[in-house]
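To start, the structure under review is shown below, and the notes come after it.
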Amino acid sequence: MADRDGKIWKDGELIDWRDAQVHVLTHTLHYGMGVFEGVRAYKTDKGTAIFRLKEHTQRLFNSAKIFQMKIPFDLETLIEAQRTVVRENKLESCYLRPLVWIGSEKLGISAKGNTIHVAVAAWPWGAYLGEDGLAKGIRVKTSSFTRHHVNVSLVRAKACGYYINSILANQEALADGYDEALLLDTEGYVSEGSGENVFVIKNGKIYTPDLASCLDGITRDAVLTMARDLGIPVIEKRITRDEVYCCDEAFFTGTAAEITPIRELDNRQIGEGKRGPITEKLQSLFFDVVAGKAPQYEHWLTLV
Ligand code: PMP
């Protein structure tokens with residue numbers, strides 16, 4: 001990805017894509033303490049709009065706060081940086097990646113005194129789990145790798161190093177012929193996918209794990225809001241893997257994954273083995289929302 005035309009915002013400046021480099025002794029590269037966001041912009045009739053830009057940027061600041069990384073820019077500046085990157089790269093719809101990392105002044109566990117840097121890149125990115133996955137659902141395997149424990153990783157943060165656990169789980173699922181992994185928490189309850197929150201539907205009610213071990217997903221929050229607005233009851237609670245086997249519908253949510261139905265878990269068909277009716281309703285509303293076709297949610301969109 002390094003060799004492309006385009007612009008990347010780095011530490012307050014728009015620079016050429018190929019010049020957006022770091023030194024090999026960058027602290028974050030060695031120890032994984034960095035924080036980032038995944039954001040999407042969509043084409044709407046009024047122009048390109050970023051979905052829930054303020055919430056994503058606020059989460060970036062919260063992530064940094066958790067690790068005591070002082071971002072040397074304010075929220076407004078990073079909001080503007082993201083709009084600028086989409087605009088300057090002339091992207092109609094895209095994925096955005098704001099990243100905050102620790103500089104290369106010194107190594108060693110303590111990052112005290114090192115500089116903090118910020119970059120924002122954006123590029124076109126289609127359906128993360130495939131167009132087919134969005135329409136027909138994906139096959140998922142419960143991971144042999146456990147999700148974060150609350151006193152090991154602080155999961156309100158979206159942190160670089162945490163994704164080692166995600167990659168292990170995803171690698172295993174793909175090697176075994178599945179599309180994605182479902183991770184359980186340290187007590188064996190359902191937590192989330194490698195980069196997605198998870199939902200199940202049973203008897204017309206929507207269930208999702210509470211936030212003890214999973215990321216407070218912004219798409220998760222959008223789905224909970226839309227479901228409530230549609231009059232569908234939503235319950236946040238501990239969920240067991242056999243509850244997923246026996247549910248009527250299941251789906252993943254995430255900025256990259258959007259709303260992707262799950263048609264199978266551990267070789268057990270879920271519901272009818274295809275995208276279920278409530279999933280379809282939420283998915284279709286979600287795609288209307290991001291395309292600016294649902295006026296009641298227009299406040300979630302920021303034109304670039
Ligand atoms: N969980 C994990 C581990 C993730 O990486 C993501 C993607 N950011 C999510 C959940 C979904 O979060 P969001 O809807 O904010 O993208």
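Yes/no matrix, rows are residues, columns are (1) more than 15 Å from residue 119 (Cα to Cα); (2) in contact with a His (Cβ under 8 Å, 6 or more places away or on another chain):
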position	(1), (2)
3	yes, no
7	no, no
10	no, yes
29	no, no
43	yes, no
52	yes, no
78	no, no
87	yes, no
94	yes, no
Test: residue 297 is buried (at least 20 other Cβ atoms within 10 Å of the Cβ) and of a type in the set (Phe, Trp, Tyr): yes
With region 1-100 as the region, which strands (runs of 3 or more DSSP E) entirely inside it contain at least 2 residues that are in contact (Cβ under 8 Å) with a residue 60 or more places away in the chain and closer than 22 Å to residue 216 by Cα? 39-44, 47-51
Residue set 150, 155; condition closer than 18 Å to residue 216 by Cβ and away from the ligand (no atom under 13 Å from the Cβ); output residue 150
Among the residues of region 201-212, what is the count of those that are more than 15 Å from residue 283 (Cβ to Cβ) and either touching a Gly at 6+ places or on another chain (Cβ under 7 Å) or buried (at least 23 other Cβ atoms within 10 Å of the Cβ) (or both)? 2
Unique match (being on the phi < 0 side of the Ramachandran plot, part of a helix (DSSP H, G or I) and touching a strand residue (DSSP E or B) at 6+ places or on another chain (Cβ under 8 Å)) among 168, 182: 168
Among the listed residues 263, 220, 238, 275, which satisfies the condition of being in contact (Cβ under 8 Å) with a residue 24 or more places away in the chain, assigned by TED's automatic domain parsing to the domain that holds residue 155, surrounded by 20 or more Cβ atoms within 10 Å (Cβ to Cβ) and in a loop (DSSP other than H, G, I, E, B)? 275
Can you name every residue in region 241-260 that is of a type in the set (A, V, I, L, M, F, W, C) and either within 23 Å of the chain's Cα centre (by Cα) or not assigned by TED's automatic domain parsing to the domain that holds residue 191 (or both)? 244, 250, 251, 252, 256, 257, 259
Can you go through 137, 113 and tell me which one is in the same structural domain as residue 285 (by TED's automatic domain parsing) and at positive phi? 137
In region 226-260, residues that are within 16 Å of the ligand (Cβ to nearest atom) and not aliphatic (A, V, I, L, M) total 8
Given the condition under 30 Å from residue 69 (Cα atoms) and surrounded by 14 or more Cβ atoms within 10 Å (Cβ to Cβ), answer yes or no: does some residue in region 106-113 qualify? yes
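The values are calculated or read from the model by the stated rules, or taken from the named source; none is laboratory data. What you see is a predicted model, and the numbers here were worked out from it, not measured in a lab. Positions of Cβ are backbone-derived with ideal geometry, glycine not excepted, and every protein chain shown enters the neighbour counts.
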